[in-house]
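K.L.:
One structure, as structure tokens, below. Some questions next.
The values are calculated or read from the model by the stated rules, or taken from the named source; none is laboratory data. Being a predicted model, the structure only gives us computed values, none of them experimental. So basically every Cβ, Gly included, is an ideal-geometry build from the backbone, and we count neighbours across all protein chains shown.
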Amino acid sequence: MKFVRAVLAPKSLRGEFPLLLLPFILCLAGSAAGQGWQHKGKLVPEWRYFLESGKTPQALDHSQASLRAEVELDWQSENGKQAIRFTPYVRLDTEDSERSHIDIRELNVQFREGDWQLSAGINKLYWGVSESRHLVDIINQTDNLDDIDGEDKLGQPMIALSFHQDWGSLEAFYLPVFREQKFPGPKGRLGPGVPLVSKAIYKSSSGKHHKDIALRYSHTLGDFDIGAYWFDGTDRQPTFTPIPDSDFWAPTYTLIKQVALDLQYTHEAWLWKLEALRREGQGDNFYAFVGGFEYTYYQMGSGRFDLGVLMEYLYDGRDERDSQVPITLFQNDLFLGLRMGFHDTQNTALLAGVMSDLGGEEHSLMLEFERRMSPRWFMAVEGRFFQRSRASSPQRVFDGDSFLTLSVSRYF
Amino acid sequence: MLNYKTTALQKYLRPARWAVKSLALSSLFVALSVQVNAEVLSAEHIAQRVDAADSGWQDEEVKARMTLYAADGRSVSREIRSRSLEVSDDGDRSLVVFDQPLDVKGTVFLTHTHDVGNDDQWLFLPALKRTKRIASSNRSGPFMGSEFAYEDISSEEVSRYTYDDLRSAACGEPFAAERQCHIYNRYPVDKSSGYTRQQVYVDQEHYRLLKVDYYDRKNSHQKTLTRNDYQKFGNYWRANQWVMQNHLNQKKTVVEWSDWKFSSGFQLRDFERSALSRYR
């Protein structure tokens, strides 16, 4: 029953209903326009199980089911110089109405002429090379409601201009509107650990309309792939400010200036990776980096699978005691991982990793398993297990929230 | 995410680099063949003529449907599109986009081959919009779970083998009884190859590769590749069907090529890392 209610009238979707119709309108427009349109989509029932019951009386006990859907509509002109993409996204959750949400991941137009490319609209892009933490990736806000691995992103409105030459690519980004993080409701799990008000505080006087800017250079030189950027704008990760005379806290967004580097050296079966940044605007200036490698043993088990070994060291120099600084779990940590990719027709893959805090000796474990079941069905199991941590540890927010997620994707 | 090793069907499409450079030489071979009897030519000469017969196409686009048959006859299929560019002063470049199965739809592979050393390869993962540089040193692994190894679909480059044992005989099954072939052995130079030896069948009329018998590291006759249904597009012959039969596990992979397009005017910049995210 809950599920039916969530499907029919999810709280967070009220007032945005016309948006849900947009994909269908575009589909119609697309088929009317005839050739050049492509689409792909998926519908994903998902079930999440928490090993322990919730920390607060309102929090859900163990089980949470969701249905999410994403459609991507693409158009490209005959000569490939103009393109349109529209990607609406929706999640409906049985337990946590705040987790039910819609988003436009992409709605943009692209123009290309010679070495220049211009895109305008809502877009998604990714910067970085490391596996254990996505440190330098900054343009898109993380969609925490979907997962806590930092790989699900909200669409970001932008104008992007790129220029490609033999000496590399230069890209300029103008980001006129900031996207706030979304948080689970009182029933939800994996939240920030304090009750929140929905209205955020901004350190910028222009609030969410601060004009964020980024400039990026990237290039490939033989075995090296290099990227570097300068970012001036609103940090994607909030701090939390207590509201006087209440039990509530407000997400608070600060302005930062950041330079960052991502580098990969690829040689035979070795991938050497480094992400690093220097940030100002949140207390003392600080540095952070992730560095390590992935080495692959090919054709193991009589040629049945490849085995990758990953190791990454994570450092973050931010001052945790300063309330102006968003928390991080990765001040002095080591990640060790194994990746198995099977050579079967189902593309079976397994990834397991341990993150160890070298200072506090806390560990967390992650497991991912995925397998194609048929040309249209795909399954994935993901588990995150957090060891109970000492009182002062930032990982304490996830205490008792170890979980397993099973998802089955139907592609169309 | 996706298994990294989904690479390299594209490599087939890159023209033999040697051949590009030896375009001028190819006319010499033609002249030679008029005066010199086939028995005097070496196996390597034949390999060079096969290469020379397939160069100068500038750029090429093609669709492929790959069907993987298990020993009990059950099958699954994959669909890809490939686009490649001849590069005169270095190895060629290619982009492959996956259409089927749907869970990897939109995944794009970019390969820059080089005259010397390993290729450069990037993988674009559409769900994360992430472009990953990947290792290209695994030549003997299977492509998308098929009976083709990466090295089987790489370009037929002369310099990647040593040769011997050229003879002339009927091409044999499944070709017409009267068709005559140059038959020779080639031995992979690369230590990471999964083969000790390959026996190659080339038709004497058009210098097209018709059949290859693959002998694995234990020198067992592991697989046979047959290229069927050759069709001429301008100056270039293309086989519309490739069949790879594995004799050890009885599995089979069939590739149907279609919608060939040549000389569309692609540029180097269409095959850069930065082009990956916009390739549809």
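K.L.:
For A:Phe378, which of the numbered conditions (1) part of a strand (DSSP E or B); (2) more than 10 Å from chain B (Cβ to nearest Cβ); (3) of a type outside the set (Asp, Glu) fails to hold?
P.N.:
(2)
K.L.:
In addition: Specify the residue that is surrounded by the most Cβ atoms within 10 Å (Cβ to Cβ); the eligible residues are those in the stretch B:74-87 that are modelled with pLDDT of 90 or more and more than 12 Å from chain A (Cβ to nearest Cβ). Give the steps one after another, and end with the answer.
P.N.:
If we filter the stretch B:74-87 for residues that are modelled with pLDDT of 90 or more, which is where we start, we get B:74-85.
With the extra rule that they be more than 12 Å from chain A (Cβ to nearest Cβ), the set shrinks to B:80, B:82, B:84-85.
Details: B:Ile80: 22, B:Ser82: 20, B:Ser84: 27, B:Leu85: 21.
The residue in question is B:Ser84.
K.L.:
Within the stretch A:268-320, track down each residue that is farther than 21 Å from B:Met144 by Cβ and not in a strand (DSSP E or B). Steps first, answer last, please.
P.N.:
Initially, the stretch A:268-320 is screened for residues farther than 21 Å from B:Met144 by Cβ, giving A:268, A:270-295, A:309-320.
Within the stretch A:268-320, A:Glu268, A:Gln282, A:Gly317, A:Arg318, A:Asp319, A:Glu320 meet the criteria.
K.L.:
Can you confirm whether B:Leu125 is aliphatic (A, V, I, L, M), buried (at least 20 other Cβ atoms within 10 Å of the Cβ) and within 14 Å of chain A (Cβ to nearest Cβ)? Let's see the steps before the verdict.
P.N.:
Working: aliphatic (A, V, I, L, M): yes; buried (at least 20 other Cβ atoms within 10 Å of the Cβ): no; within 14 Å of chain A (Cβ to nearest Cβ): yes.
Judged against the criteria, B:Leu125 is not a match.
K.L.:
Can I ask one more? Applying the selection to the stretch A:315-344, what residues are surrounded by 17 or more Cβ atoms within 10 Å (Cβ to Cβ) and polar (S, T, N, Q)?
P.N.:
A:Thr328, A:Gln331, listed by residue number.
K.L.:
What number goes with the only condition from (1) surrounded by fewer than 16 Cβ atoms within 10 Å (Cβ to Cβ); (2) modelled with pLDDT of 95 or more; (3) within 27 Å of B:Ile134 (Cβ to Cβ) that A:Trp230 does not pass?
P.N.:
The single condition A:Trp230 does not satisfy is (3).
K.L.:
Now for a different question. Restricting the first residue to the stretch B:227-239 and requiring it to be assigned to a strand (DSSP E or B), which pairs with a second residue that is exposed (fewer than 15 other Cβ atoms within 10 Å of the Cβ) and acidic (Asp, Glu) meet a Cβ separation below 9 Å and a spacing of at least six or different chains?
P.N.:
Pairs found: B:Ala239/B:Asp229.
K.L.:
Still on this structure: Looking at the structure I just gave you, is A:Arg179 in contact with a Phe, Trp or Tyr (Cβ under 7 Å, 6 or more places away or on another chain), part of a loop (DSSP other than H, G, I, E, B) and either in contact (Cβ under 8 Å) with a residue 24 or more places away in the chain or closer than 18 Å to B:Ser277 by Cα (or both)? Full working, then the answer.
P.N.:
Values: in contact with a Phe, Trp or Tyr (Cβ under 7 Å, 6 or more places away or on another chain): no; part of a loop (DSSP other than H, G, I, E, B): yes; either in contact (Cβ under 8 Å) with a residue 24 or more places away in the chain or closer than 18 Å to B:Ser277 by Cα (or both): yes.
Here the answer is no, as A:Arg179 does not meet what is asked.
K.L.:
Could you check the stretch B:178-222 and list, in sequence order, the residues that are among the polar types (S, T, N, Q), within 17 Å of the chain's Cα centre (by Cα) and not in a loop (DSSP other than H, G, I, E, B)? Lay out the reasoning, then the answer.
P.N.:
Going through the stretch B:178-222, the residues among the polar types (S, T, N, Q) turn out to be B:180, B:185, B:192-193, B:196, B:198-199, B:204, B:219-220, B:222.
Still in the running and within 17 Å of the chain's Cα centre (by Cα): B:193, B:198-199.
Correct list: B:Gln198, B:Gln199.
K.L.:
Within 11 Å of chain B (Cβ to nearest Cβ) and either in a strand (DSSP E or B) or not aliphatic (A, V, I, L, M) (or both): which single residue out of A:Ser97, A:Ser132, A:Ser66, A:Ser119 fits that description?
P.N.:
Numbers: A:Ser97 fails: within 11 Å of chain B (Cβ to nearest Cβ); A:Ser132 fails: within 11 Å of chain B (Cβ to nearest Cβ); A:Ser66 fails: within 11 Å of chain B (Cβ to nearest Cβ).
On inspection, the qualifying residue turns out to be A:Ser119.
K.L.:
Follow-up question, since we're still on this one. Say we look at the stretch B:229-280 and pick out the residues that are away from every other protein chain (no Cβ under 12 Å) and acidic (Asp, Glu); which of these is surrounded by the fewest Cβ atoms within 10 Å (Cβ to Cβ)?
P.N.:
Out of the qualifying residues, it is B:Asp259.
K.L.:
While we're here: Looking only at residues that are touching a helix residue (DSSP H, G or I) at 6+ places or on another chain (Cβ under 7 Å) and within 14 Å of another protein chain (Cβ to nearest Cβ) in the stretch A:163-186, which one is surrounded by the most Cβ atoms within 10 Å (Cβ to Cβ)?
P.N.:
A:His164
K.L.:
Only one of these conditions is not met by B:Cys171: (1) over 30 Å from A:Pro375 (Cα atoms); (2) modelled with pLDDT under 85; (3) touching a Leu at 6+ places or on another chain (Cβ under 7 Å). Which number is it?
P.N.:
Going through the list (1) over 30 Å from A:Pro375 (Cα atoms); (2) modelled with pLDDT under 85; (3) touching a Leu at 6+ places or on another chain (Cβ under 7 Å), B:Cys171 breaks only (2).
K.L.:
Which one is farthest from B:Asn246 (Cα to Cα), of the residues in the stretch B:165-194 that are hydroxyl-bearing (Ser, Thr, Tyr) and touching a residue at least 40 places away in the same chain (Cβ under 8 Å)? Talk me through it step by step, then tell me what you get.
P.N.:
Step one: of the stretch B:165-194, the residues hydroxyl-bearing (Ser, Thr, Tyr) are B:168, B:184, B:187, B:192-193.
Filter once more, keeping what is touching a residue at least 40 places away in the same chain (Cβ under 8 Å): B:168, B:184, B:192-193.
Values: B:Ser168: 26, B:Tyr184: 21, B:Ser192: 20, B:Ser193: 17 Å.
Among them, the one singled out is B:Ser168.
Table: residues versus (1) surrounded by 15 or more Cβ atoms within 10 Å (Cβ to Cβ); (2) under 22 Å from the mean Cα position of the chain (by Cα); (3) outside any strand (DSSP E or B).
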residue: A:Gln346; (1), (2), (3): yes, no, yes
residue: A:Leu350; (1), (2), (3): yes, yes, no
residue: A:Gly353; (1), (2), (3): yes, yes, no
residue: A:Phe369; (1), (2), (3): yes, yes, no
residue: A:Arg396; (1), (2), (3): yes, yes, yes
residue: A:Asp401; (1), (2), (3): yes, yes, yes
